[in-house]
Each structure stands twice: as structure tokens, then as C-alpha cells.
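Shown next, in C-alpha cells, is the structure this report addresses.
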Amino acid sequence: MDDVLLDSQSLLLQLFNKYKGDQEWEKGRALFVSMNCRDQATANHSLVVAFIAYNLTRHIRRTSCNPERMFLAGLLHDIGKLSMPDGILKSSHRLNIEERSLVLEHVKVGHDTLKELDFGSDILHFCYSHHERLDGSGYPQGTTNQSEIGCIAAISDIYSALKLPRSYRSNCLSDKEIIEFLLKNDDKLNRNYTYNLKSFLYNRSEITKERKVFTGNSK
């Protein structure tokens, strides 16, 4: 894994400092701290989702979405997983049908939790749509009509899931491999958003190379 997690953490601190005292962001901070205490893997996944959602939004030429709010949405999109028992949340084995049904419920649980805490409609929509797919194979609604937020949420969630190690999978994919995977699944995911992600990742890789040259670490 490269330093995507470090860059995500840096952006987290920057935005938390910027919005210190803001009611919605303070609630988001408390929920994220709780998530990190419960399961660091889920917290790290959410942090990278937030980082990608923020930067993906910035690379969309015409967008009605705010990058900083997409960061907050990504940070909280899996908050419903806090309702899952450790045996499922931290499981490294293949889940049975009953366990899988509990996993599917995390989207609705998260959405309802965030709604009860008065988060904005964009945050709620991100949470509710991050597992939806263009071909209708996603959940919880199985809709084929993805909004801009839904496309950002889906792409960001998949990127993080493939980039970071998980309890059930130790290997991680490179950025190139992730883009190839997304493009092969363009019946499920909006190709235009994949190209926006590709553009951001390319720019980021060039900056990373320059950073290593500047610090004398070219390996």
C-alpha cells in the first residue's frame, strides 16, 4: 500500500480543524472516533473513501456536489456497521446467508442513524447509495438510476475496498489494477467517473514522485 492512508489522515485533520465547532462536523468527528475504537479496519476504509470522494468531486468539471461535504459523507457512509456483531464485522471467513443479510442491513441502519442525528440530505444520500449499481444489481433498492452522489459514493467505496487490506483479504490492488477493474465493470459503474478518478490518481502519482525526489527517496 502507498501513502494514500497518510494523505487521507492529513486531509481529515485539515478539515476537522477548519470546521471545529461546526455542529454537523463535530457529530461526524464523534461518530468516526467511535468507529475507529470499534474497528480500525472499517475506520481506515471509510477514511480512504472520504479522501477519494473529496478528490473525485474536485476533478468533476461541472458538479453540484461540495468536495468537503463528500469527504464527510464518505467518512460516515459505513456507520451502520457499528450495529453488526464482531463475529461478522471482523470476520475473515466466508459469510453464510444469515450473516450476509445482516451485512446488507448496514446501509439502512447507517442512513436512519444519520437521519436521526440531523445530517444533511447529501450525507444521507451518499450513505444510502454507495452499494447501488447501474445494472440494478446493487442494494438496498436495486435501482438503475444513479445520481451524481451515488456515482461518487460507489466508485470511492470500491476503490478503498480494493486498495486496503481487509480481514478476509490480505492482498491489495495497485491504482492501475483498480482502474482496470472499474472499466471492466462499466455496466455497473459510470465510466465517466472512473476516468475522473484515473485523472486524479495520475496527478497524485506524479506529485508523489516529485515528493520522493525532493526528499531524496527515489526508490
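Please find, within the range 46-82, the residue that is nearest to the chain's Cα centre (by Cα) out of those that are small (G, A, S), modelled with pLDDT of 95 or more and farther than 18 Å from L5 by Cβ.
My answer is A73.
Output yes when any residue across the range 149-169 is over 16 Å from D187 (Cα atoms) and without any contact (Cβ under 8 Å) to a residue 12 or more places away in the chain, and no when none is.
yes
Mind checking which pairs have a first residue in the range 7-35 that is more than 18 Å from L124 (Cβ to Cβ) and a second that is part of a helix (DSSP H, G or I) and open to solvent by 50 Å² or more (accessible area, probe 1.4 Å), Cβ under 7 Å, 6 or more apart or different chains?
Cβ pairs passing all conditions: F16/R29; S34/L82.
From (1) surrounded by 15 or more Cβ atoms within 10 Å (Cβ to Cβ); (2) closer than 17 Å to L5 by Cα, pick out the condition that doesn't hold for S174.
That leaves (1) as the condition not met.
What's the total number of residues in the range 22-58 that are closer than 21 Å to I149 by Cα and of a type in the set (D, E)?
Final tally of qualifying residues: 1.
Within the range 89-102, take every residue that is at pLDDT below 90 and either of a type in the set (A, V, I, L, M) or touching a strand residue (DSSP E or B) at 6+ places or on another chain (Cβ under 8 Å) (or both) and give me the one that is nearest to F126 (Cα to Cα).
In this case the residue turns out to be L102.
Please go through the range 122-163 and give me each residue that is among the hydrophobic types (A, V, I, L, M, F, W, C), out of contact with any Lys or Arg (no Cβ under 6 Å at 6 or more places or on another chain) and buried (at least 19 other Cβ atoms within 10 Å of the Cβ), ordered by number.
The answer is I123, F126, C127, I149, C151, I152, A153, A154, I155, I158.
What number goes with the only condition from (1) of a type in the set (S, T, N, Q); (2) open to solvent by 20 Å² or more (accessible area, probe 1.4 Å); (3) within 17 Å of H130 (Cβ to Cβ) that N66 does not pass?
(3)
Please find, among N17, N36, the residue that is out of contact with any strand residue (DSSP E or B) (no Cβ under 7 Å at 6 or more places or on another chain), part of a helix (DSSP H, G or I), over 26 Å from D175 (Cα atoms) and open to solvent by 60 Å² or more (accessible area, probe 1.4 Å).
Exactly one of N17, N36 is out of contact with any strand residue (DSSP E or B) (no Cβ under 7 Å at 6 or more places or on another chain), part of a helix (DSSP H, G or I), over 26 Å from D175 (Cα atoms) and open to solvent by 60 Å² or more (accessible area, probe 1.4 Å), namely N17.
With the requirement that a residue be open to solvent by 20 Å² or more (accessible area, probe 1.4 Å) and in a helix (DSSP H, G or I), what does the range 39-63 give you?
Selection gives Q40, A41, N44, Y54, R58.
Of everything in the range 108-121, what is crowded, with 17+ Cβ neighbours inside 10 Å and either in contact with a Gly (Cβ under 6 Å, 6 or more places away or on another chain) or touching a residue at least 40 places away in the same chain (Cβ under 8 Å) (or both)? Give them in sequence order.
Once the filter is applied, which keeps residues that are crowded, with 17+ Cβ neighbours inside 10 Å and either in contact with a Gly (Cβ under 6 Å, 6 or more places away or on another chain) or touching a residue at least 40 places away in the same chain (Cβ under 8 Å) (or both), the range 108-121 yields V109, G110, F119.
Among the residues of the range 189-219, count how many are open to solvent by 40 Å² or more (accessible area, probe 1.4 Å), modelled with pLDDT of 85 or more and hydroxyl-bearing (S, T, Y).
3
The values are calculated or read from the model by the stated rules, or taken from the named source; none is laboratory data. Everything numeric in this text was worked out from a predicted model, so none of it was measured. Counting neighbours? That spans all protein chains shown, and the Cβs are built from the backbone with ideal geometry, glycine included. When the accessible area is computed, the model is the full protein with side chains, heavy atoms only, and any ligands, DNA or RNA have been set aside. Shrake-Rupley method; radii C 1.70, N 1.55, O 1.52, S 1.80 Å.
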